[in-house]
Amino acid sequence: MPKPYYITTAIDYTNAAPHIGHAYEKVLADVMTRFQRLNGREVYFLTGVDQHGQKVQKSAEKAGLSPQEFVTGITKKFIALWDKINVRYNGWAATTDDKHKSVVQALLQELLDRGQLYKKSYRGFYSVRQEQFLTDKERGADGNYGEEWGEVVEIEEENWYFKLSEHIGWLRSFIQSHPDFITPAFRANDALNALEGGQDLCISRPKERLSWGIPLPFDKRFVNYVWFDALVNYVSFAGYLAEEVGNENLPDFAKLWPADAHVIGKDILVPAHAIYWPIMLHALGFTDDQMPKLIVHGWWNVKGSKMSKSTGNSIDPVALADMFTPDGLRYYLMRDIATGYDADFSEERITMSFNKELAGGLGNLLQRALSMAQKYRGGVIQASAYDDEINAVFRQTVTDAPAKYVERMNAWAIHDGIAEAWRIVTHANGFVDATLPFKLAKDEASAARLDSVLYHLAEALAHVSVLLSPVIPDAARQMRDQLGWRMPDGFMVSDLRWGLLKDGHHLGQPVPLFPRLEAAKETK
Ligand code: MSP
């Protein structure tokens, strides 16, 4: 038995409501979770929210709420979104959870005991927006700190530091000798470049500057730096130190760890996930074999620029799910981006993908196949009385798809996985055009051929309903309901073979899978 597949995402900041960038990442992880289950793996999917830190403290102040009240409100929006768009996780990581706080504190104590933390006074330039001290590396060509740092002030303060620089040599050789640590591989260079001149990491904030955080267990005048707290979620909610801190109902850490996939955006690879995180684990005694794997995705932009609340171009996933159905949104988010690269959000594209691909391609095929079967055969299909070359070629497309699909999905190329399933849809529509079942129906001598055509269509659709189930779970289930076919419990993608539907199988009545959108019709 392989270990359970442990997949996590970044935990989302709770300083603002979710936008489609957040939705994309969670859908990506949800699709992978569903796919791996279909692929026979036991999966544990953890996601959650990052609730501490300066940004939250400030947003709460602005809203006139306590930080806890504020994050509770925003957290609800995230949970409601995941619920709405069928993102189904096993564990929920909220960093204000007491159990998580205990693990963070235990871990800090452990690092102190291992001689990995020290206190020193530092005078330097501090970015209020980014909550970090800046070095000369961050200065622009003109010697000034760029706009991205916001207000920069010179301050002197005592803080606690983590001996990050001690482990840079280890990390460099770890990255070089473990090409599967970072996917896609080209991103490993970003990490290696960032190792140059690596300094120790300040892991505390004086309480008077930031109160909304986890107090250091050995020096209560400080709270823990938000990134340190946030990264720990991957282990604290997976059962790490569960016994020590009295955590119950968490997975068995020894079985679950290491994470098979931390799904994160490109902006938080360096330094947080590719540098701080492996070094934190290494300093705690985790071995090279116990390092997690990072899956780094690109960004959804709007007209080529970054989505942000301040510029008002942030796209609301709730409105999109209402308009295009949750599956319509999931499909678009998976189909219109190549994992690892950026994509541009386009209202026109999502409308087209819904109308042309989902409604016109898939929905229409199901509708045609079922209504012809109902009309000509009362919904009963016969498997094998007739065969010919056209049927055989179509069958080949259907039976070739699963292996290619599995290969692409395992490689995180979800858009290619969808394309493999879509070959069946496209071929099926062509198959109807080539065989002209409505003509066959008029000719008594073609009865057996018509049976074979109707059977081939239904069987192909049963295959498609399995292959697309990770991406469009609701529609895939409706397809199976209409086909009158239930995926047996524990059914795996490797169980797909011609003959899912038995001779004499009863198909159901067609119901439109993706009713066309009135407003969207105009852009067709
Ligand atoms: N709280 C930190 C992560 C801590 S993980 C230990 C954070 N939060 S975030 O809310 O800003 O971002 C959450 C995730 O959403 C990140 O992986 C980020 O890359 C991703 N995205 C944020 N905007 C995005 C897009 N526009 N497009 C795609 N993903 C984006 O960072």
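Brief remarks follow.
- Loop trypsin sites (Lys or Arg not before Pro), the range 23-88 (other Cβ atoms within 10 Å of the site Cβ: 14 or fewer; DSSP): Arg88
- Computed from Cα atoms, the angle from the helix 414-435 axis to the main principal axis of the chain rounds to 10 degrees.
- Panel order for Lys220, Lys356, by other beta carbons found within 10 Å of each beta carbon, from fewest to most: Lys220, Lys356.
- Out-of-range pairs (alpha-carbon distance over 21 Å; input Lys62/Lys309; Lys119/Lys207; Lys356/Lys404; Lys26/Lys77; Lys55/Lys306; Lys266/Lys293): Lys356/Lys404
- Short-range pairs are left out: with C-alpha atoms under 8 Å and at least six residues apart, the relative contact order of the chain is 16 percent.
- Listed from fewest to most Cβ neighbours within 10 Å, the set Glu347, Glu147 follows the order Glu147, Glu347.
- For the range 351-425 and the range 218-232, distance of Cα centres in Å: 52 Å
- Viscosity 1.002 mPa s, 20 °C: Kirkwood-radius Stokes-Einstein D of the range 37-193 over Cα pairs, µm²/s: 107 µm²/s
- Separation between Cα centres of the range 54-94 and the range 277-315, rounded to whole Å: 19 Å
- For the range 98-150, the list of trypsin sites (Lys or Arg not before Pro) that fall in a loop by DSSP and count at most 15 other C-beta atoms within 10 angstrom reads Arg114, Arg129.
- Reachable lysines, given that their alpha-carbon falls under 19 Å from the alpha-carbon of Lys439 and they are not under 8 places away in the same chain: Lys375
- Neighbourhood charge, 15 Å Cβ-Cβ cut-off, centred on Phe222 and excluding it, Lys, Arg +1 and Asp, Glu -1: +2
- Amide H contacts of His505: Ile381, each under 5 Å away and 5 or more positions distant or on a separate chain (H built 1.01 Å from N in the peptide plane; Pro and chain starts excluded).
- Percent RCO, i.e. relative contact order, over the range 347-506, from Cα pairs under 8 Å lying at least 6 residues apart: 32 percent
- Of all DSSP beta bridges in the chain, antiparallel share, percent nearest 5: 55 percent
- Available extension along the chain between Arg209 and Glu158 is 17.2 nm, counting 0.36 nm per residue and deducting the alpha carbon span.
- Gain on full extension, evaluated as 0.36 nm per residue between Arg129 and Asn144 minus their Cα-Cα distance, stands at 3.8 nm.
- CD proxy at 222 nm, helix term only [per DSSP H run n ≥ 4: -39500 (n - 2.57); per residue of the chain; nearest 500]: -13500 deg cm²/dmol
- Our Cα-only numbers for the range 347-506 put the radius of gyration and Dmax at 15.4, 49 Å.
- Qualifying aspartates and glutamates (Cα of each under 18 Å from Cα of Lys442; at least 8 residues distant if same chain): Asp433, Asp451
- Partners for Lys84 among aspartates and glutamates (Cα-Cα distance below 16 Å; same-chain residues under 8 apart left out): Glu25, Asp30, Asp316, Asp322, Asp327, Asp474
- Length-normalised contact order for the range 418-524 - Cα pairs under 8 Å, 6+ apart - percent: 23 percent
- Scaling against 2.2 N^0.38 Å puts the C-alpha radius of gyration of the chain at 1.12.
Taken together, the values in this text are just the output of simple stated rules run on the coordinates, not laboratory data. For clarity, every value in this text was computed on a predicted model and none was experimentally measured. Methodologically, a virtual Cβ is constructed for each residue, glycine included, from the backbone with ideal geometry; neighbour enumeration extends over all protein chains shown.
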